[in-house]
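As structure tokens, the structure follows; a few thoughts come after it.
The values are calculated or read from the model by the stated rules, or taken from the named source; none is laboratory data. Keep in mind the model is a prediction, meaning the values are calculated, not measured. Because the Cβ atoms are built from the backbone with ideal geometry, glycine has one as well, and the counts that use them run over all protein chains shown.
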Amino acid sequence: MTKIRILLADDHKILREGLRMLINAQPQMAVIAEAKNGLEVVTLTKRLQPDVVIMDISMPLSNGLKAAEKLRDMCPGVKILILTRHSDDGYVQQLLRAGVSGYALKQSASDDLVRAIRAVHAGQRYLDPAIIGQIVGAAVVKPAARGAVAAKNLSPREEAVLRLIAKGYLHKEIAARLQISIKTAEAHKANAMAKMGMKGRIDIVRYALLQGWLQDI
């Protein structure tokens, strides 16, 4: 079985050692290299082409944001997972625009990190549950947006797809639940996002909260 090839980047050696032990203990994952600063991340990624890069935001020589921007242009096929202590929504927005696939917190459980690695490797976006909670909280304090958001009409199928995406379902899971093809599920998502002017899953979560879709989870 082909393993997920991972590059670790953090300026704290003890943390890298702990992460390496955790990841290498997973039968489908392997750490192939480590970097202690942003410049090493870019150099090693370009040379080794790992499947996933896990890196902190705060690193010497070049921070995680600058490194992510470079990797987006140089190695577009490599997935980037940010692992940091910073839970500020501003960091999340900047890094998502820079091309990262996931944002996890160091203070989260080890199982969450493993789940995050699998998600970004599979081409999914991953946001730490605590981050989603902050995004949801930010939406609550903007009640004026409710009228504008609700003004757009979604078809019943488009709404059903958005509801499931907001709750964390993958396209194949949505297709199975709604008894449609994966391509049809993706088309409904694209149409709904175009109608609502949405750019990503964060916008879908905000919309879902304003509509009360997340109260039962």
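In this structure, does V92 turn out to be modelled with pLDDT under 90 and either among the hydrophobic types (A, V, I, L, M, F, W, C) or not in a loop (DSSP other than H, G, I, E, B) (or both)? Steps first, please.
Working: modelled with pLDDT under 90: yes; either among the hydrophobic types (A, V, I, L, M, F, W, C) or not in a loop (DSSP other than H, G, I, E, B) (or both): yes.
Against the criterion (modelled with pLDDT under 90 and either among the hydrophobic types (A, V, I, L, M, F, W, C) or not in a loop (DSSP other than H, G, I, E, B) (or both)), V92 qualifies.
Tell me, yes or no, whether the stretch 68-88 has at least one residue that is on the phi < 0 side of the Ramachandran plot, assigned to a helix (DSSP H, G or I) and modelled with pLDDT of 90 or more. Before you say what the answer is, go through the steps one by one.
Going residue by residue through the stretch 68-88, those that are on the phi < 0 side of the Ramachandran plot are 68-88.
From what's left, assigned to a helix (DSSP H, G or I): 68-74.
Checking which are modelled with pLDDT of 90 or more leaves us with none.
No: the stretch 68-88 contains no residue that is on the phi < 0 side of the Ramachandran plot, assigned to a helix (DSSP H, G or I) and modelled with pLDDT of 90 or more.
Across the stretch 117-135, what is the number of residues that are modelled with pLDDT of 85 or more, in a loop (DSSP other than H, G, I, E, B) and not small (G, A, S)?
Total meeting the criteria: 0.
Taking the residues in the stretch 176-217 that are in contact with a strand residue (DSSP E or B) (Cβ under 9 Å, 6 or more places away or on another chain) and of a type in the set (A, V, I, L, M, F, W, C) as candidates, determine which candidate is modelled with the highest pLDDT.
Filtering the stretch 176-217 for residues that are in contact with a strand residue (DSSP E or B) (Cβ under 9 Å, 6 or more places away or on another chain) and of a type in the set (A, V, I, L, M, F, W, C), the one modelled with the highest pLDDT comes out as V205.
Kindly indicate whether V114 is of a type in the set (V, I, T), at pLDDT 80 or above and in the same structural domain as G99 (by TED's automatic domain parsing).
On the way: of a type in the set (V, I, T): yes; at pLDDT 80 or above: yes; in the same structural domain as G99 (by TED's automatic domain parsing): yes.
Against the criterion (of a type in the set (V, I, T), at pLDDT 80 or above and in the same structural domain as G99 (by TED's automatic domain parsing)), V114 qualifies.
Output the number of residues of the stretch 8-52 satisfying the condition of being touching a Lys or Arg at 6+ places or on another chain (Cβ under 7 Å) and under 23 Å from V92 (Cβ atoms). Let's see the steps before the verdict.
Within the stretch 8-52, the subset touching a Lys or Arg at 6+ places or on another chain (Cβ under 7 Å) is 8, 10-11, 28-32, 34, 38, 42, 50-52.
Filter again for under 23 Å from V92 (Cβ atoms), leaving 8, 10-11, 38, 42, 50-52.
Within the stretch 8-52, residues that are touching a Lys or Arg at 6+ places or on another chain (Cβ under 7 Å) and under 23 Å from V92 (Cβ atoms) number 8.
Which is modelled with pLDDT of 85 or more and farther than 16 Å from G102 by Cβ, of L7, L61, L48, L19?
Working: L7 fails: farther than 16 Å from G102 by Cβ; L61 fails: modelled with pLDDT of 85 or more; L19 fails: farther than 16 Å from G102 by Cβ.
Testing whether each residue is modelled with pLDDT of 85 or more and farther than 16 Å from G102 by Cβ leaves just L48.
Residue check, Q28 against (1) modelled with pLDDT of 95 or more; (2) farther than 18 Å from K106 by Cβ, all met but one. Which one?
(1)
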